[in-house]
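First comes the structure, then the notes that go with it.
The values are calculated or read from the model by the stated rules, or taken from the named source; none is laboratory data. Here the structure is a predicted model, which is why all the values come from computation and not from measurement. Glycine also receives a Cβ, built like all others from the backbone with ideal geometry; neighbour counts cover every protein chain displayed.
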Amino acid sequence: MSSTRTTVVFIVVLMMVLPYLGTAKGRGRGSKWWGIARAGEPNNLVSNSIKENSITNSYLDPDVHATLRRKQRRLVRDHPGVVVAVAKGAKQAISECKHQFKNRRWNCPTKDFHRGRNLFGKIVDRACRETAFIYALMSAAVTHSVSRACSEGAIESCTCDYSQRGPSGADWEWGGCSDNIQFGVKFSREFVDAGEKGRDIRYMMNLHNNEAGRVHVSTEMRQECKCHGMSGSCTVRTCWMRLPFFRVVGDNLKDRFDGASRVLISNTGRTPGNGRKKYNYQLKPYNPEHKAPSKKDLVYYENSPNFCEKNLKLGIAGTQGRVCNETSIGVDGCDLMCCGRGYKTEVKEVVERCACTFHWCCEVKCKVCRTKKTIHTCL
Amino acid sequence: MAGAVVENLSNRKLIVLISFLLICLLVCFLLGGLVAPAPSNVQSVLATKCYDNSQNKSKFFYVRPNGGCDKIDDLHGPEAEERHITDKNVVFAFQLPIPRGGIELDYSRWMQNLIGILQIDVTFFKEWELMEPRVPVTIDARLGYRNKGDPEDEWKEYATSTESRTMDCSPPERDGYLYNCSLLPLFELGALHHDYYLLNLRFPVIYENNRGLGPVSDLWLVVINQNGGFTKVWLSLKTIFFPMVVGVMIWFWRRVQLLARQPTLLESMLLALGVALSTLNLPLEYLTLSFEMPFMLLLGDMKQGIFYSMLLSFWLVFAGEHLMDDNERKGLRGYWKQLSCVGVGCLSMFIFDMCERGIQLRNPFYSIWANEIGTQIALSFVIIAGIAAGVYFLFLSYIIYRVFRNISAKRQALPAMASARRHFYEGVIYRFKFLMLATLLCAAMTVVGFILGQVSEGKWKWDEDINLEYTSAFFTGVYGMWNVYILALLCLYSPSHKRWPSESAGQDETNEEIEFTPLPTEPSELSSLTAMIKKTATD
């Protein structure tokens, strides 16, 4: 309760402190930080510094520095150790995105030379479902990863958010600290939303999807309890929230992707009188008979391209050469995947790891299976 | 003496006293609700996986500051294969508490105790071998501590143990999810004496131990400690109630001593109840601020146990002494059957507690529930205690039923009685009903409060600005209520001296004589009123 209050206060302060910049210049400008996901890769200059970016080390690598906005830089400086968490989160989001979309025409392609907001290609310039998903997932991943890093003690400056104040003010000794997720959500809101401002519908869409990602993380928290009263009885019971497994968040967001709400472009959004509040808007559905999008829904306002053909303008590779499933009638089926262009069928001998067993610790023993597989690839 | 204070107190005085006590109760409740924080605080700590190549078991692996741990990111990825990690190389390190707000937090002695629960995240891969539903886990646990001002890498050993636990796991529906595994209670510290704690866990493979573990991705340790603020509020309540109860007890016993007769069974029971409450109230926790007292959890349980057994025995004796039948009971011996229920129940709970928390004094990682035999023993003691409690309540309700039956029988006969005799019975009935009402009210409030707390998780909100910490309010409220209940009993059920000066003037000796030779037809209630009735009857 108090945290929402502080968040609101924070947002108000934020809106007053930050210069009110013009609109519509660079639609995906707020997503420049995605480039942080590339940090730490072997062929990258950023790598060495980010891996070693310890809690005590406030030094920021120039390459990471370049991907961040001024406000994000300040946040990173104020919270040593957070860069590593954000980078980990971004990487996790990318692999989650690839996992969720592996069977679709658009399979969340990323290219090594893509930087910053272009990490996922130019598709993010279009306000379509895929973009909505990427924004939500990235935001969710930052929330998740930062909360996790707090639990590991990797970020020392995770705020305590004392739920109850003692006589001497906020106090860990008096009332303990709040759950780690609260800092994760708060940080993600500051960090991820830092670049999203303006009155443009696109900003609103991004803000909404970012928030949706965070909401999916915090609503997937599961409560666990332990009794520790007299003789271990349940007279005293303490409960805590367990951070969700990120795959669950990814699955839920994928479900929301399938049922994403299309909103009106003409959304002015702002409820009258509260023009300056960043999150104070209500998006109207494209179809007036539909309900307004809820907090968990993903929103978009442009149709997705069909992803069939190569489209350089949007950075789409097309489905040529993609493997498809002959028997499926879903999106991974050859008919849909290949967009009716047809497919070629080959019989290949595939060498795979199979029948794996895990031996504690930490050996995965697999058999090598040679199987003949019929592989269909789109023409 | 003419019965107890409660009969002779004017309504106005009674109302003043009761409203004073009720205000005390309300203050306790609000103190817990508005001032105290939640009773306990939780931190979920994620294990840092450290690489140990020295296999030097005396070394502690710490997380902060950097340098104490060579981190491993993933236990079943390419990294693990590259480094040829085996069970001997992996140490899971938890450094408690985790830092917040840029400060390396430390535990305060006000926080009293620490409970650690382990949660093992095991990933489920469809193609991989399925994990057994019951996985035996062997844990090499080492707990170290450090205090402020010590060198940052100097951890001293607090406890070490090799523990086996059983983890129940069920596979999830979808590939790549985590198994749903049960939580493993890991340790309980009765004293939180040091500033920082460090837990190092290893899962060694010796023979078949730990072979059944699937691909562990993460380890979480959930640590629960009592909140310092709650301890402070709780302790101040104790500090206030302790002298109050002791004072009232002394006052009560002096009045009993002033009587010319021996104290009755009920009066002795009341005194014993007061003593039991005073031991519960004794603010021993102050000592934990300077001494390490790991037995506080056990002691607290024992003190509560003694109090509850006294309270239960008191109700039994009280109901029995108000039976108004013609049987004569000789002191406590008359209640041996019923009291043995209380005794057996409390004894089995005591043995159970000694088996769990007693052994934890030597090994904080010990848990009686960890192995099959222990679980059976523990369960049997708990079941015995449960049966004893059930039988006790049957006995109690039977006695109360009989009291009510006698009351209605006596009621009908009341108008026909002589006035003194009628006064006597009216007094008995009044006293009984008063206590019944108060007891039922207290018990109902405790139960309702408890259920409300269980049903409504989290905080209660009555108003936007009022943030009521319900759990704490419940604890302080119930604690205050039983204190107030016993204070009221001590005050109201102490012998009244309203009429006894005149009695003692002339009829002291005869009174005493008759008191000790009650006629078999008379109720066993030993008060001087009885004597008066007898006298009027013989006259």
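Give me the helices (runs of 4 or more DSSP H) completely within segment A:119-226, filtered to those with at least 1 residues that are among the small types (Gly, Ala, Ser) and free of Cβ contacts under 8 Å to residues at least 24 places away in the same chain, ordered by residue number. Lay out the reasoning, then the answer.
Numbers: elements: A:129-152, A:172-175, A:180-192, A:201-219.
Where helices (runs of 4 or more DSSP H) fall fully within segment A:119-226 and carry at least 1 residues being among the small types (Gly, Ala, Ser) and free of Cβ contacts under 8 Å to residues at least 24 places away in the same chain, they are A:172-175.
Residues to consider are B:Leu235, B:Leu221, B:Leu183, B:Leu189; find the one that is at pLDDT 90 or above and within 8 Å of another protein chain (Cβ to nearest Cβ). Walk me through it before giving the result.
Values: B:Leu235 fails: within 8 Å of another protein chain (Cβ to nearest Cβ); B:Leu221 fails: within 8 Å of another protein chain (Cβ to nearest Cβ); B:Leu189 fails: within 8 Å of another protein chain (Cβ to nearest Cβ).
Exactly one residue qualifies, and that residue is B:Leu183.
Return the residues of segment B:468-493 that are closer than 26 Å to B:Asn8 by Cβ and away from chain A (no Cβ under 14 Å); say none if nothing qualifies.
Within segment B:468-493, B:Met481, B:Asn483, B:Val484, B:Tyr485, B:Ile486, B:Leu487, B:Ala488, B:Leu489, B:Leu490, B:Cys491, B:Leu492, B:Tyr493 qualify.
Let's see how each residue does on (1) in contact with a Leu (Cβ under 6 Å, 6 or more places away or on another chain); (2) of a type outside the set (A, V, I, L, M); (3) assigned to a loop (DSSP other than H, G, I, E, B):
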residue: B:Asn210; (1), (2), (3): no, yes, yes
residue: B:Asp218; (1), (2), (3): no, yes, no
residue: B:Ile224; (1), (2), (3): no, no, no
residue: B:Phe230; (1), (2), (3): no, yes, no
residue: B:Leu237; (1), (2), (3): no, no, no
residue: B:Met244; (1), (2), (3): no, no, no
residue: B:Ile250; (1), (2), (3): no, no, no
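Mind counting the residues in segment B:98-128 that are at the interface with another protein chain (Cβ under 9 Å from one of its Cβ atoms), surrounded by fewer than 14 Cβ atoms within 10 Å (Cβ to Cβ) and either modelled with pLDDT of 90 or more or assigned to a loop (DSSP other than H, G, I, E, B) (or both)?
1
Taking the conditions exactly as written (at pLDDT below 55, surrounded by fewer than 19 Cβ atoms within 10 Å (Cβ to Cβ) and either among the aromatic types (Phe, Trp, Tyr) or not in a helix (DSSP H, G or I) (or both)), does B:Pro518 satisfy them or not?
In short, yes.
With the checklist (1) assigned to a loop (DSSP other than H, G, I, E, B); (2) surrounded by fewer than 17 Cβ atoms within 10 Å (Cβ to Cβ) in hand, flag the one item B:Arg333 doesn't pass.
Result: B:Arg333 fails condition (1) only.
Can you report the number of residues in segment B:145-160 which are under 16 Å from B:Phe94 (Cα atoms) and either of a type in the set (Gly, Ala, Ser) or assigned to a strand (DSSP E or B) (or both)?
Residues meeting the conditions: 7.
Any idea which of (1) crowded, with 17+ Cβ neighbours inside 10 Å; (2) outside any helix (DSSP H, G or I) is the one B:Val256 doesn't satisfy?
(2)
What are the residues in segment B:44-74 that are buried (at least 20 other Cβ atoms within 10 Å of the Cβ), facing chain A (nearest Cβ under 7 Å) and of a type outside the set (Ser, Thr, Tyr), if any?
B:Val45, B:Leu46, B:Val63, B:Arg64
Which ones in segment B:118-157 are free of Cβ contacts under 8 Å to residues at least 40 places away in the same chain and not acidic (Asp, Glu)?
B:Pro133, B:Arg134, B:Gly149, B:Pro151, B:Lys156
Are any residues in segment B:413-471 small (Gly, Ala, Ser), at pLDDT 85 or above and touching a helix residue (DSSP H, G or I) at 6+ places or on another chain (Cβ under 8 Å), and if so, which ones?
B:Ala438
From (1) away from chain B (no Cβ under 14 Å); (2) outside any strand (DSSP E or B); (3) without any contact (Cβ under 8 Å) to a residue 60 or more places away in the chain, pick out the condition that doesn't hold for A:Cys361.
In the conditions (1) away from chain B (no Cβ under 14 Å); (2) outside any strand (DSSP E or B); (3) without any contact (Cβ under 8 Å) to a residue 60 or more places away in the chain, A:Cys361 misses (1) alone.
Of all residues in segment B:175-189, how many are crowded, with 21+ Cβ neighbours inside 10 Å and under 12 Å from B:Ile224 (Cα atoms)?
The number of residues fulfilling the criteria is 4.
May I ask you to say which residue of A:Arg242, A:Arg247 is out of contact with any strand residue (DSSP E or B) (no Cβ under 8 Å at 6 or more places or on another chain), surrounded by fewer than 21 Cβ atoms within 10 Å (Cβ to Cβ) and within 9 Å of another protein chain (Cβ to nearest Cβ)? Show your work before the answer.
Details: A:Arg242 fails: out of contact with any strand residue (DSSP E or B) (no Cβ under 8 Å at 6 or more places or on another chain).
The conditions single out A:Arg247.
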